[in-house]
Amino acid sequence: MTGVLSSQQIRGMIEADQIRVAAPTDPDQIQPASLDLRLGSVAYRVRASFLAGKGRSVADRLDEFEMHRVDLSEGAVLEKGCVYVVPLLEGLALPEGVQAVANAKSSTGRLDLLTRAITDGGEEFDRIAPGYDGPLYAEICPRSFSVLVRPGMRLNQIRFRAGQAVLDDAALRALHAETPLVDGPALIDSGLGFSVDLRPAAGQTLVGYRAKPHAGVIDLGKIGHYAPGDFWEEVHGDNGHIILDPGAFYILVSREAVHIPPDYAAEMAPYLAMVGEFRVHYAGFFDPGFGHDGAGGAGSRGVLEVRCHEAPFVLEHGQIVGRLVYERMDARPERLYGAALASNYQGQGLKLSKHFRTA
């Protein structure tokens, strides 16, 4: 077994109690190459973000850092700028040789909702070593908007892999020659580079959105509900660049249309920190079939969640802002992203999270 584990293998891990669930899984919780993780019924407001550290449990550290508890059973607001730790309904008993990595879901990242997995004995966020046996927790810090959450909501997801599955640049070039991974020239250097699109189609000037600093609460259970203008300022430009403001959060879009073939998965990683005073804020998973013709996704572009740091920065059209790291699947998933799945972002362009109304 070598590669990213597919949906049917994840289902087998649940049946074998290698993934422990405190409540039956939801029908759409298992994705082609990942498992959505569900919030439990209590959130711990803590003084600061933390890792458990070697030989220590998250429960031990909560005793140190807890300020108060929030009952989520009837729904509760997690306040912007605060840090919370929420026990998840899933735990793990990983076999030796199988490791896991967690990440924020697409909709979570698009709300600037920092969500990371932590574990007992953990010395890294979102990285879980082979053989880990214990509970899972989500650390949640709303950055731009306060959010209303309930038990069972899914803010992050987890992916499992066995062995070395990452494609090196030579293998990535060969795959691109066989089935194009982007709709233009491929910049391959420690992954597949992608750039920002700041030149919209003729007659248009909308290039992105910027989060408003004093918006209201977003109920994460309301889909297609909110007016974008209540939470976002439109960013317009027709000269191929925009100036990012320090501390501001932006939704932009990649220039390239991305393709993830059925036997592969990918992870978005930020580009070099030295290219400017910004970063693509959240890494993200791209499931097998994203942007794939056979799954109804030809022309799916990557949405970029961008935060500017300490100084204003001019972001130029075509500037490289991130890279996709491709991995082999151990087995092709039973269903692909966008094919017979409730996939919100297949075939996307510039798009806010699913909570906002579209024109």
message = Given a Förster distance of 35 Å, report the FRET efficiency between Ile320 and Gln204 from their Cβ-Cβ distance, rounded to the nearest 0.05.
response = 0.90
inquiry  = Tell me whether the chain comes out rounded, prolate or oblate; compute the Cα gyration tensor, take square roots of the eigenvalues as a ≥ b ≥ c, and use a/c under 1.5 as the rounded threshold.
reply    = oblate
task = Find the accessible area per residue for the stretch 179-263; the probe is 1.4 Å, ligands and nucleic acids are left out, and the unit is Å².
result = 44
task = Show which lysines lie in cross-link reach of Lys354 when reach means a straight Cα distance below 25 angstrom and same-chain residues fewer than eight apart are skipped.
result = Lys80, Lys105, Lys212, Lys222
key: Reachable aspartates and glutamates from Lys54, criterion Cα separation under 19 angstrom, eight or more residues apart if same chain   = Asp63, Glu64, Glu96, Asp120, Glu123, Glu124, Asp126, Asp133, Glu139
task = Give the carbon-plus-sulfur fraction of the accessible surface of the stretch 171-251 in %, rounded to a whole number; probe 1.4 Å, heavy atoms of protein chains only.
result = 51
query = For His309, what accessible area in Å² do you get when you roll a 1.4 Å probe over the heavy atoms of the protein chains, rounding to the nearest 10?
reply = 80
ask   = Relative contact order, percent, of the chain when contacts are C-alpha pairs under 8 Å separated by at least 6 residues?
value = 20
query = Can you give the accessible area of Asp189 in Å² (nearest 10), computed on protein heavy atoms with a 1.4 Å probe?
reply = 90
task = State in Å² the accessible area per residue of the stretch 1-153; use a 1.4 Å probe, count heavy atoms of protein chains only, and round to the nearest integer.
result = 39
remark   = One quarter of the C-alpha convex hull surface, i.e. the mean projected area of the stretch 98-231 in nm², amounts to 12.1
inquiry  = Which one, Pro95, Leu113, Ser195, projects farthest toward the positive side of the charge dipole computed for the chain from Cβ point charges (K/R +1, D/E -1)?
reply    = Leu113
ask   = Could you name the aspartates and glutamates in cross-link range of Lys351, using Cα to Cα under 17 Å and dropping any fewer than eight places away on the same chain?
value = Asp112, Asp197, Asp230, Glu233, Glu234, Glu256, Glu305
ask   = Once the Cα gyration tensor of the stretch 161-202 is found, what semi-axes does its equivalent ellipsoid get, as square roots of 5 times the eigenvalues, in whole Å, sorted largest first?
value = 26, 12, 9
request  = Calculate what fraction, in whole %, of the accessible area of the stretch 1-73 sits on carbon and sulfur atoms when a 1.4 Å probe is rolled over the protein chains.
outcome  = 47
note = In deg cm²/dmol, rounded to the nearest 500, the helical mean residue ellipticity at 222 nm of the chain, built from -39500 (n - 2.57) for every DSSP H run of length 4 or more, is -2500 deg cm²/dmol
key: the chain, dipole about Cα centre (Lys/Arg Cβ +1, Asp/Glu Cβ -1), debye to the nearest 20   = 540
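The values are calculated or read from the model by the stated rules, or taken from the named source; none is laboratory data. Nothing here was measured: the structure is a model prediction, and the numbers come from that model. Neighbour counts run over all protein chains shown; Cβ positions are idealised from the backbone, glycine included. Accessible surface areas use protein heavy atoms only, side chains included; no ligands, DNA or RNA. Shrake-Rupley method; radii C 1.70, N 1.55, O 1.52, S 1.80 Å.
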